[in-house]
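Student: Here it is: the structure, laid out below.
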Amino acid sequence: MMTKEKKNWINSLAAQLQVSAMQMPLLKAMPKLELHAHLNGCVRTSTLLDLAVGENSKEKISNTDLESLIRKEDRSLTECFRLFPVIHALTTDHAVVTRITREAIEDFLLDNVVYLELRTTPKCNDLYGMSKRSYVEAVFAGFEAAGVMYKTDCDVQDGHRMHVRLLLSIDRRENAEAAMNTVQLAWDMRDRGVAGVDLSGDPAIGNWETFLPALTLAKELGVPLTLHCGEVSNPKEVREMLALQPRRLGHVCCLEEAEWRALLDSGIPVEICLTSNVRTESVSSMRDHHFAALYNAKHPVVLCTDDPGLFSTSLTLEFAIAATCFGLTNLELLIMGKSAINYTFADDKTKLILHGIFDDALQ
Ligand code: IMP
Ligand code: ZN
């Protein structure tokens, strides 16, 4: 369940956004696709606090500011990457990974997300007998516990309200071998619900060249790729990412003129994370967000949350921000969502089901 403090915060933000009392429930009721959400960025504040006081973490967390760090609503990029190790130290064993997966799905279900691509970095931890593969199995156990449809070509099952796919992330702190292992794992588990590979992590860390062999292998195998791109200024890396032609790109905030034109020419769909980009200061303010330029240029875009737990947001709230700051109507938001079905990494059968859901809503 959403915590009381998060609900209050969302309500007050909605008030600040001047979204009418009528519009919020409509935005919430709208079917939505979430294509960019990190598992450990989805963890509820209440769960983190619960785990922090429990016996769940064998690794000592000595930070006396832990509670204030967890409770903080407004974090810079640096603070976000300070919090992730804390979250990771609390979500180490298989049972906790299963729990946070189930809870993340429950939160997206409450927000009427009908298709979710959840991404996470498979982790190894000898202390807990965890390998990258067993970590992924623990995530699947969370899918099972939440009762969602996640396997390729899965028939719609009674009482299962959401289609979910898993993307395996390569963290920019990892080496070439670890990146290769993640791609291999994604390939091995492609029929079990793993639909693609993502490159993410602190954008100030790591060299693109380290990940290129693994990402090239993914392309050769036909594993769909999405890359975090341009969170900080790095024109060379952006050019090389575009040259690889991934299926999607995340963020694209800090692009120079030449790279911006190359992006528009490429037609590569962009995962837009409004709150995340402003909070992490990749974009100076909501009004200056490049979403407007991409949307007006009819470039394929999809609204996403990135880390709804970390940024105390939801997809409904991101839609409300798009409505208020960029003047999108409910119909335009719904049409944008329907278009994004084509940017998912789902199989054709699932895409057809999703088109049916959006067509019903459009009527
Ligand atoms: P996990 O992969 O489930 O552990 O989710 C947390 C991880 O997602 C972080 O350690 C980062 O590697 C990545 N991540 C979350 N938010 C961002 C972001 O805004 N930029 C880049 N990477 C991110
Ligand atoms: Zn992200």
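Student: The conditions are (1) in a loop (DSSP other than H, G, I, E, B); (2) modelled with pLDDT of 95 or more; (3) within 16 Å of ligand 1 (Cβ to nearest atom), and L328 fails exactly one of them. Which is it?
Tutor: (3)
Student: Restricting attention to segment 102-127, which residues are away from ligand 1 (no atom under 15 Å from the Cβ) and either buried (at least 16 other Cβ atoms within 10 Å of the Cβ) or in contact (Cβ under 8 Å) with a residue 24 or more places away in the chain (or both)?
Tutor: Hits for segment 102-127 are E106, L109, L110, D111, N112, V113, V114, Y115, L127.
Student: Sticking with this one: Count, please, the residues in segment 279-298 that happen to be surrounded by fewer than 19 Cβ atoms within 10 Å (Cβ to Cβ) and either in a loop (DSSP other than H, G, I, E, B) or within 12 Å of ligand 1 (Cβ to nearest atom) (or both).
Tutor: Residues in segment 279-298 being surrounded by fewer than 19 Cβ atoms within 10 Å (Cβ to Cβ) and either in a loop (DSSP other than H, G, I, E, B) or within 12 Å of ligand 1 (Cβ to nearest atom) (or both): 5 in total.
Student: Right, something else. Answer yes or no as to whether Y128 is among the aromatic types (F, W, Y) and closer than 16 Å to L168 by Cβ.
Tutor: So Y128 fails the test.
Student: Follow-up question, since we're still on this one. Just give me the residues in segment 188-213 being at pLDDT 95 or above and among the β-branched types (V, I, T), in sequence order.
Tutor: Selection gives V194, V197, T210.
Student: Among the residues of segment 191-221 satisfying the criterion of being in a loop (DSSP other than H, G, I, E, B) and touching an Asp or Glu at 6+ places or on another chain (Cβ under 7 Å), which is nearest to A258 (Cα to Cα)?
Tutor: P203
Student: Which residue out of G250, G267 is surrounded by fewer than 17 Cβ atoms within 10 Å (Cβ to Cβ) and either at pLDDT 95 or above or within 13 Å of ligand 1 (Cβ to nearest atom) (or both)?
Tutor: G267
Student: Can you name every residue in segment 270-300 that is within 15 Å of ligand 2 (Cβ to nearest atom), in contact with a Ser or Thr (Cβ under 9 Å, 6 or more places away or on another chain) and under 23 Å from F345 (Cβ atoms)?
Tutor: E271, C273, L274, S276
Student: Quick check on segment 222-239: of everything there that is touching an Asp or Glu at 6+ places or on another chain (Cβ under 9 Å) and either assigned to a helix (DSSP H, G or I) or more than 16 Å from ligand 2 (Cβ to nearest atom) (or both), which residue is farthest from L212 (Cα to Cα)?
Tutor: This residue is S233.
The values are calculated or read from the model by the stated rules, or taken from the named source; none is laboratory data. Everything numeric in this text was worked out from a predicted model, so none of it was measured. So basically every Cβ, Gly included, is an ideal-geometry build from the backbone, and we count neighbours across all protein chains shown.
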